[in-house]
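The values are calculated or read from the model by the stated rules, or taken from the named source; none is laboratory data. The structure displayed is predicted, hence computed values, not measured ones. Positions of Cβ are backbone-derived with ideal geometry, glycine not excepted, and every protein chain shown enters the neighbour counts.
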Amino acid sequence: MNTSTPDPQVQRKLIEILRIITESNGAIGARIIADKMRERGYQIGERGVRYHLRILDERGLTAREGYSGRVITKSGLQELEDGLIGHRVGFIITSIDELVYNTDLGVDTGEGNVIVNMALIDKDDFDDGIEIIAAMNETPYSISPYVQVIEEDAVDYRVPEGKVGITTVCSITIDGILAKNGIPVNTKYGGLIQIENGAPATFSDLLLYSGTTIDPMKIFINRRMTSVLDVLETGNGKLLANLREIPASAKEHAIEILDKAKGIDIDGLIGIGKPGSPIFKAPVSPGKIGLPIYAGLNCIVAMEESGIDVSVFPISRMANYKNMTRL
């Protein structure tokens, strides 16, 4: 059987299986993986999971650990981080849509699940990293001051030895909040917004989520196109941001919901566009308004720019907002 170039449907399952193994606490078996895959909307049985695990084993991305199941290898972690395991055009936006659908944070209660980004850093860098995140949270460029620290012995997420995980609230959470409150959302662009004298000026770069094989934020990070520390120090530079479209008729309702979200420390809104008009030079569809929002990844990128070795996982997973801590 030729397993060197699986079709896009197989590729999507491979990515999700790698994520599940990464999130597990130690080795995990095919039966449990199959259960978790079904929870995430993939119709696949234990036999099908074994087939996909064989592909991952052959590529050196997973390894069998006795009779306990599979663990992810160093190569597997790198593949998952870089998104090189066969992402196809449209997969990113499909994944985002699923996470948006599963976001159930209540703006009145502050209870429910949010979408988070994950950073893995060395334990020795933890204090410096948290200090940078705290500094970012004192600016208007922050999504939320809440983070979750994940240690090696965590039950729900596997952190490599000698590392510590830090999750930040992802800006796509706001898309989920709007959708939960009945507002249709089109998560359209990931981009870089130019900051001049502390204020947003224009989008210097834009990528369609629906037209790229890799998360746009990951592309900008890998190409070192940000200058978050410069913004913090001088008020000038480039930050990660994204833009979503909503119906123009939903503007007032959206403003009401976003105001409530501020009350539970979810913000980052850069501006509100006019119907069918560009905002910060980002094109907007007729009958829609654009809502640009700073990315929750900016504080993680600031750590990387400071010289800390960071493994970045944008739009990583769901997390209970109540389990996060305010810095």
Exercise. Out of curiosity, is GLY182 assigned to a loop (DSSP other than H, G, I, E, B), at positive phi and more than 14 Å from the chain's Cα centre (by Cα)?
Worked result: yes
Problem set entry | SER210 surrounded by fewer than 18 Cβ atoms within 10 Å (Cβ to Cβ), among the small types (Gly, Ala, Ser) and without any contact (Cβ under 8 Å) to a residue 40 or more places away in the chain | no
For this session: Identify the residue in the stretch 58-74 that is surrounded by fewer than 15 Cβ atoms within 10 Å (Cβ to Cβ) and not small (Gly, Ala, Ser) and, among all such residues, is nearest to the chain's Cα centre (by Cα).
Result: LYS74
Exercise. Considering GLU196, GLU151, which residue is without any contact (Cβ under 8 Å) to a residue 24 or more places away in the chain and of a type outside the set (A, V, I, L, M)?
Worked result: GLU151
For this session: Determine, yes or no, whether GLY290 is modelled with pLDDT of 95 or more and surrounded by fewer than 21 Cβ atoms within 10 Å (Cβ to Cβ).
Result: no
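Okay, residues lined up against (1) surrounded by 19 or more Cβ atoms within 10 Å (Cβ to Cβ); (2) of a type in the set (A, V, I, L, M, F, W, C); (3) within 17 Å of the chain's Cα centre (by Cα):
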{"position": "ASP122", "(1), (2), (3)": "no, no, no"}
{"position": "ASP125", "(1), (2), (3)": "no, no, no"}
{"position": "ILE130", "(1), (2), (3)": "no, yes, no"}
{"position": "ILE133", "(1), (2), (3)": "yes, yes, yes"}
{"position": "ASN137", "(1), (2), (3)": "yes, no, no"}
{"position": "SER144", "(1), (2), (3)": "yes, no, yes"}
{"position": "GLU152", "(1), (2), (3)": "no, no, no"}
{"position": "VAL155", "(1), (2), (3)": "no, yes, no"}
{"position": "GLY162", "(1), (2), (3)": "no, no, no"}
For this session: Report yes if some residue within the stretch 146-163 is more than 30 Å from ALA27 (Cβ to Cβ) and of a type in the set (A, V, I, L, M); otherwise report no.
Result: no
Problem set entry | Any pair with Cβ under 6 angstrom, 6 or more apart, that starts in the stretch 155-172 at a residue that is farther than 19 Å from LEU80 by Cα and in the same structural domain as SER311 (by TED's automatic domain parsing) and ends at one that is at pLDDT below 90 and surrounded by fewer than 21 Cβ atoms within 10 Å (Cβ to Cβ) | VAL155/ASN25
Exercise. Within the stretch 132-142, is even one residue under 18 Å from MET324 (Cα atoms) and touching a Gly at 6+ places or on another chain (Cβ under 8 Å)?
Worked result: yes
For this session: Answer with yes or no whether SER306 is surrounded by fewer than 21 Cβ atoms within 10 Å (Cβ to Cβ), farther than 22 Å from ILE219 by Cα and among the hydroxyl-bearing types (Ser, Thr, Tyr).
Result: no
For this session: Select, from MET303, MET318, MET324, the only residue that is at negative phi, assigned by TED's automatic domain parsing to the domain that holds ASN181 and at pLDDT below 95.
Result: MET318
Exercise. Looking only at the stretch 173-214, which residues are of a type in the set (A, V, I, L, M, F, W, C) and modelled with pLDDT of 95 or more?
Worked result: ILE174, ILE177, LEU178, ALA179, ILE183, VAL185, LEU192, ILE193, ILE195, ALA199, ALA201, PHE203
For this session: Would you mind stating whether GLY60 is closer than 27 Å to ILE150 by Cα, at pLDDT 85 or above, in contact with a helix residue (DSSP H, G or I) (Cβ under 8 Å, 6 or more places away or on another chain) and of a type outside the set (A, V, I, L, M)?
Result: yes
For this session: Please find, among LEU206, LEU192, LEU240, the residue that is touching a strand residue (DSSP E or B) at 6+ places or on another chain (Cβ under 7 Å), part of a strand (DSSP E or B) and under 13 Å from PRO314 (Cβ atoms).
Result: LEU240
Exercise. Does the stretch 213-234 hold any residues that are more than 15 Å from GLY190 (Cβ to Cβ), touching a strand residue (DSSP E or B) at 6+ places or on another chain (Cβ under 7 Å) and in contact (Cβ under 8 Å) with a residue 12 or more places away in the chain, and which are they?
Worked result: SER227, VAL228, VAL231
Seminar exercise, completed: By residue number, the members of the stretch 7-46 that are exposed (fewer than 13 other Cβ atoms within 10 Å of the Cβ) and polar (S, T, N, Q) are GLN9, GLN43
Exercise. So which pairs qualify, if the first residue must be in the stretch 2-24 and outside the structural domain of GLU152 (by TED's automatic domain parsing) and of a type in the set (S, T, N, Q), the second must be buried (at least 21 other Cβ atoms within 10 Å of the Cβ) and modelled with pLDDT of 80 or more, the Cβ gap must be under 6 Å, and the two must be at least 6 apart or on different chains?
Worked result: THR22/ILE72
